[in-house]
Structure formats: structure tokens, C-alpha cells
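Novice: Have a look at this one before I ask anything.
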Amino acid sequence: MRDERLDPSALRFLVGHDLREAREQARIKQADAARHIGCTPAKLSYMESGKTQQAPDEVAALLRFYNVPVEHVDRTVTLAGRADHGTWWTPFGEVLPDWFKTFVGLEGLATRQFEYADGHAWPASNSRICDRAPR
């Protein structure tokens, strides 16, 4: 079942942020990273900003090139694979501003991935921690 509030631009934003951060931490120039996957620096810039779809195989190749831990590669590649699926607002995409699409998508991710208790956000997989949290 698809989450009606997920937004591909929100996922692309998160993937792009991870790509840029990993590249900068590895101290690799954008041109060198682009050459590694056989694209232009402009395309890589669009990938890092979340303005274009990030192919999971390109994301994996870049993160491995940056020597990112396997767990992080797997998580980010999974996010890239989930991006760009249809959303409830797709028919209105041309009239909705980008900030709105990203906001709705991030909100959908947050409500799906986290549970809120006592004013704190807890990862949904750790919801039992909420019961033991200091009050």
C-alpha cells in the first residue's frame, strides 16, 4: 500500500543531501565524482540538490566511491529506489510550488517513520523505548 503523503521530491532531497555530504566528507571534487559515474558535473549537481531522479545504481556507485559504510549505502539506495512514484498531488504538480511538495513529503515520512510521545520523536522501530523514556 502506498503512503499517499510521500513525495518523491522529499526522498530526492534526502538522497541528494546524503550524496553531497558524503562527497564533501570524502573531499572529492564534484567533477571527479561525476566522471566516476559517467555524467556531467551539472547532472551530479542536480542529483545532489534533489532536482532530478537519482538512479539507485548511480547512488550506490557514488557512495562506494566515497567509501561510505555499506549500511549507509543500502539505506540511501533504498530511498532512491522509492522516489519518483506517483503521489496524490501528481495531477496538480504543475501548479504546486516545490516547497509545498517537499514539505508534504517530509511530513509524510516523519509521521510514518516516527512516533511521538512526551514531546519527543522516537523511531517507529524503537517505539517500546517510549514506554521506558525518562519522564
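Novice: If you take every residue apart from Glu24 with its C-beta less than 12 Å away from the C-beta of Glu24, what net charge results, scoring Lys and Arg +1 and Asp and Glu -1?
Specialist: On the way: positive: Arg20, Arg23, Arg27, Lys29; negative: Asp18, Glu21, Glu48.
Charge balance in the 12 Å sphere: +1.
Novice: How charged is the neighbourhood of Leu62? Take every other residue with its Cβ under 15 Å from the Cβ of Leu62, and add Lys/Arg as +1 and Asp/Glu as -1.
Specialist: Values: positive: Arg12, Arg20, Arg23, Arg27, Lys29, Arg35, Lys43, Arg64, Arg75; negative: Asp18, Glu21, Glu24, Asp32, Glu48, Asp57, Glu58, Asp74.
Once positives and negatives cancel, what remains is +1.
Novice: Let me ask something else about it. Which whole-Hz ³J(HN,Hα) couplings does the range 26-37 yield from phi under the Karplus relation 6.51 cos²θ - 1.76 cosθ + 1.60, θ = phi - 60°, glycine and proline marked x?
Specialist: 7, 6, 10, 5, 4, 5, 5, 5, 4, 4, 4, 9
Novice: Can you pull the percent of the range 12-89's accessible area that's carbon plus sulfur, 1.4 Å probe, other chains left in place? Provide the component values of the computation, followed by the final result.
Specialist: On the way: 2270 of 4360 Å².
Looking at the range 12-89 in its full context, I get 52 percent from C and S.
Novice: If ligands, DNA and RNA are left out, what is the accessible area of Thr40 with a 1.4 Å probe, given in Å² to the nearest 10?
Specialist: 80
Novice: Which net charge results for the neighbourhood of Gly38, defined as the other residues with beta-carbon distances under 15 angstrom from its beta-carbon, given Lys and Arg at +1 and Asp and Glu at -1? Write out the running numbers ahead of the final one.
Specialist: Details: positive: Arg35, Lys43, Arg64; negative: Asp32, Asp57, Glu58.
With Lys, Arg at +1 and Asp, Glu at -1, the neighbours total 0.
The values are calculated or read from the model by the stated rules, or taken from the named source; none is laboratory data. Here the structure is a predicted model, which means the values were calculated and not measured. Every residue, glycine as well, gets a Cβ built from its backbone with ideal geometry; the counts of neighbours run over all protein chains shown. Quick note on the areas: whole protein, heavy atoms, side chains included, nothing else; ligands and nucleic acids left out. Shrake-Rupley method; radii C 1.70, N 1.55, O 1.52, S 1.80 Å.
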